[in-house]
There are 2 protein chains.
Amino acid sequence: MHHAMNLRELSHILGLSQTTVSRALNGYPEVSEATRIRVQTAAIAHNYRPNARAQGLATGRARAIAHVLPMSSGHEVLNPVFAEFIGGAGEVYARADYDMLLSIVPADQEITAYRTLAARRSVDGVMVHAPLVEDRRIALLSELGLPFVVHGRSGSDGPPYAWLDMNNRRAFARGTAHLLDLGHLRIALLNGLERMDFALRRKQGYLDALAARGIAADPALHDSAEMSEDYGFEAASRMLALPNPPTAFLTSSLIVAIGARRACQDRGLVLGRDISIVTHDDDLGYFRNGRDTPYFTALRSPMREHGRRAAEMLLAQIVDPGPAPRQQLLEAEFLTGQSCGPAPGP
Amino acid sequence: MHHAMNLRELSHILGLSQTTVSRALNGYPEVSEATRIRVQTAAIAHNYRPNARAQGLATGRARAIAHVLPMSSGHEVLNPVFAEFIGGAGEVYARADYDMLLSIVPADQEITAYRTLAARRSVDGVMVHAPLVEDRRIALLSELGLPFVVHGRSGSDGPPYAWLDMNNRRAFARGTAHLLDLGHLRIALLNGLERMDFALRRKQGYLDALAARGIAADPALHDSAEMSEDYGFEAASRMLALPNPPTAFLTSSLIVAIGARRACQDRGLVLGRDISIVTHDDDLGYFRNGRDTPYFTALRSPMREHGRRAAEMLLAQIVDPGPAPRQQLLEAEFLTGQSCGPAPGP
DNA sequence: ACAGAATTCCAAACCGCTTTGGAAAGCTTT
DNA sequence: AAAGCTTTCCAAAGCGGTTTGGAATTCTGT
């Protein structure tokens, strides 16, 4: 275990001042090319890297981004969707030499967590995950003057802010329309929690498509909960046991679809013949919708790519806070799989 | 947007020196209780929190832990198992007022990433994920003098280091024995990548149990790959198509088991009657093995809890580097589900 | 050969905190 | 009232970088 080399020591070794060494390493023009090379090779040879905290203190920039994940007493911490998004964002940060700070805080301390982040100057920016229909974080962060990007949106009013979202409403309208085109009339929606902004928009899309064909939505065919395999299984089982069961499901995630599939299979229903499923697909690395050809007919929206783009937006905003906040609305890709077929005859 | 309050300003407001204010806030005894209260209320009123980088620079401690996740060109970044572990660790860090630094780096730059972390003094400790059978990181971190805890183990030789692992070998021996007890003779193993230490140990456990009954392992009933749903599906499908197919599967994760289940169901086999599955279960929040009663017969090893414990080990080691590195070997819990039955007669 | 410009380097201030070594003030003792 | 303790506070020196304002040196042009 050797002590860490620091700037003073390195400059002593080189017989130069700290100023010159610092400038040589940071690419300032006031230093001759010869000394720059000499300094750089010495830095590598002695394994010198500037102390992150000293550098941060001097420059006033943390070169770090925070992702705050609320942890309710339940289990919804780092779900696979967050994980994939964070993976994408992390790639971008790594390339740009930014650190990622992951804060996992009890849900009721989330606001405090943001305030602390700002007051302590721990990070240069914040990524906001999973916005609610009404989300206080957006106003808070604007007030704190901390650059941020929201993955998703929240409501529709208020001053503009930077966000990146998929067009949930259109995607779910499209999925519903696809099932309607196949003749399905009893289409069930297994949605996420509808205090989440994205889930509400998805429901609106579903209702839009039904309304466009003059079909009344049946409340018995609509459920909303945290997305998990057994939620999909239980909700689908319950609906299939109705006197007038659905002939198709629209699910809000692949995991829910898998649960729904299990429910169908348990009742001996064959997917694509007796029953149809259209699902949203976040394109998770560890849970793919089929290897090469899609298994479920799906609306795909690649989370990893969302993470990359959102991170790039945030970094750009930090480097140049000037321009008005940007927005990106991405369309989901429609994938035809093997999980859909025409509505079975009566 | 207001500027951040700092110590100097706060001390001016209070008419005290920075020293006194700092000591009042950090609980030193040299300050009267009256001024301490006066200082504390003023700090809250003016929303003062010490600048993280200045504090770190002065104390020499970062109050941060790094988790480095290698990102190969494939997709194995933040898999759900990592995510769950990190969630558990993050809870502990938050309670202890530590930050979590998540570094996502290209796999070939992982060693550099650790060196940089050490040289820049970015963190006080490191968590090592997913150790390989031969893992260079352990020697490197020892050499760098950076406290670390390994989640898992690597090989068996070399100087001791801190780790937390489940008893993979015993767990898989037990799972195999359970199937043997049910009369199964053709038991397939769908393992993870066997350059990972945990996967090799699991294979050993499987072989142990077979050997204990004098049964030769059939290479056709053994596969190993990155754990995903479609790997489970494809490997199981392939094996079921053999002239002499397996009557039971032992899978290395719930996700693989779900894929295997799909393969069985596609061939019309009923789980627990025609075919049995025993799986390892990491007890992931978002992918539970049944809601209240287990669906799959499983060896459960709660990842979240692993994360908590490993984080506690690491923090303890940072606070007091004195004692010899600790190790924790946890036993998996055996859960009886509905996925197993006696071997079908010939 | 010399003034003036350009190049190359450095001493010192600063970022915001902690912590050391006293100093000043308040209380007992004798 | 002086001496000796506590109690309470402060000035100043780090921590390890970046950056400003000059100074010393070398390079031009005449």
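Screening residue A:343 on (1) open to solvent by 50 Å² or more (accessible area, probe 1.4 Å); (2) among the aliphatic types (A, V, I, L, M); (3) part of a loop (DSSP other than H, G, I, E, B) shows it passes everything except condition (1). Just one of the listed residues (A:326, A:261) is open to solvent by 50 Å² or more (accessible area, probe 1.4 Å) and either touching a helix residue (DSSP H, G or I) at 6+ places or on another chain (Cβ under 8 Å) or assigned by TED's automatic domain parsing to the domain that holds residue A:232 (or both), and it is A:326. Checking each residue in segment A:123-150 for being open to solvent by 30 Å² or more (accessible area, probe 1.4 Å), in contact (Cβ under 8 Å) with a residue 40 or more places away in the chain and more than 14 Å from chain B (Cβ to nearest Cβ) picks out A:132, A:133.
For segment A:245-258, the set of residues classified as open to solvent by 10 Å² or more (accessible area, probe 1.4 Å) and in a helix (DSSP H, G or I) consists of A:254, A:255, listed by residue number. For first residues located in segment B:257-278 and under 20 Å from residue B:335 (Cβ atoms), partners that are open to solvent by 10 Å² or more (accessible area, probe 1.4 Å) and among the β-branched types (Val, Ile, Thr) and lie 6+ apart or on another chain with Cβ distances below 9 Å form the pairs B:264/B:270; B:275/B:247; B:276/B:247. Scanning segment A:83-112 for residues that are more than 30 Å from residue B:106 (Cβ to Cβ) and in contact (Cβ under 8 Å) with a residue 40 or more places away in the chain yields a single hit, A:110. Against the test of being more than 9 Å from chain B (Cβ to nearest Cβ) and more than 30 Å from residue A:151 (Cβ to Cβ), the options A:54, A:43 yield a single qualifying residue, A:43.
Please specify each residue of segment B:102-122 satisfying the condition of being in a helix (DSSP H, G or I) and within 16 Å of DNA strand D (Cβ to nearest atom). Before you say what the answer is, go through the steps one by one.
Going through segment B:102-122, the residues in a helix (DSSP H, G or I) turn out to be B:107-119.
Within segment B:102-122, B:115, B:116, B:117, B:118, B:119 qualify.
Screening A:341, A:322, A:285, A:290 for residues that are of a type outside the set (Ser, Thr, Tyr) and closer than 25 Å to residue A:125 by Cβ leaves exactly one candidate, A:322.
Scanning segment B:78-114 for residues that are over 29 Å from residue B:229 (Cα atoms), within 7 Å of chain A (Cβ to nearest Cβ) and open to solvent by 20 Å² or more (accessible area, probe 1.4 Å) returns B:94, B:99. On inspection, residue A:197 does not qualify as acidic (Asp, Glu) and either over 26 Å from residue A:150 (Cα atoms) or out of contact with any Leu (no Cβ under 8 Å at 6 or more places or on another chain) (or both).
The residues of segment B:123-158 that are assigned to a strand (DSSP E or B) and over 28 Å from residue B:57 (Cα atoms), listed by number, are B:132, B:151. One residue stands out among those in segment B:1-52 that are in contact (Cβ under 8 Å) with a residue 12 or more places away in the chain, within 10 Å of DNA strand D (Cβ to nearest atom) and hydroxyl-bearing (Ser, Thr, Tyr): the one that is nearest to residue A:51 (Cα to Cα), which is B:22. Among the residues that make up segment B:320-336, is at least one of them under 16 Å from residue B:278 (Cβ atoms), in a loop (DSSP other than H, G, I, E, B) and aliphatic (A, V, I, L, M)? Scanning segment B:320-336, I find at least one residue that is under 16 Å from residue B:278 (Cβ atoms), in a loop (DSSP other than H, G, I, E, B) and aliphatic (A, V, I, L, M), so the answer is yes. Do we have residue B:300 as among the charged types (D, E, K, R), open to solvent by 20 Å² or more (accessible area, probe 1.4 Å) and farther than 22 Å from residue B:200 by Cβ here? Spelling it out, it is not the case that residue B:300 is among the charged types (D, E, K, R), open to solvent by 20 Å² or more (accessible area, probe 1.4 Å) and farther than 22 Å from residue B:200 by Cβ.
The values are calculated or read from the model by the stated rules, or taken from the named source; none is laboratory data. All values reported here derive from a predicted model rather than from experimental measurement. Cβ sites come from the backbone with ideal geometry, for glycine too, and all protein chains shown count toward neighbours. All accessible areas refer to the heavy atoms of the entire protein, side chains included, with ligands and DNA or RNA removed. Shrake-Rupley method; radii C 1.70, N 1.55, O 1.52, S 1.80 Å.
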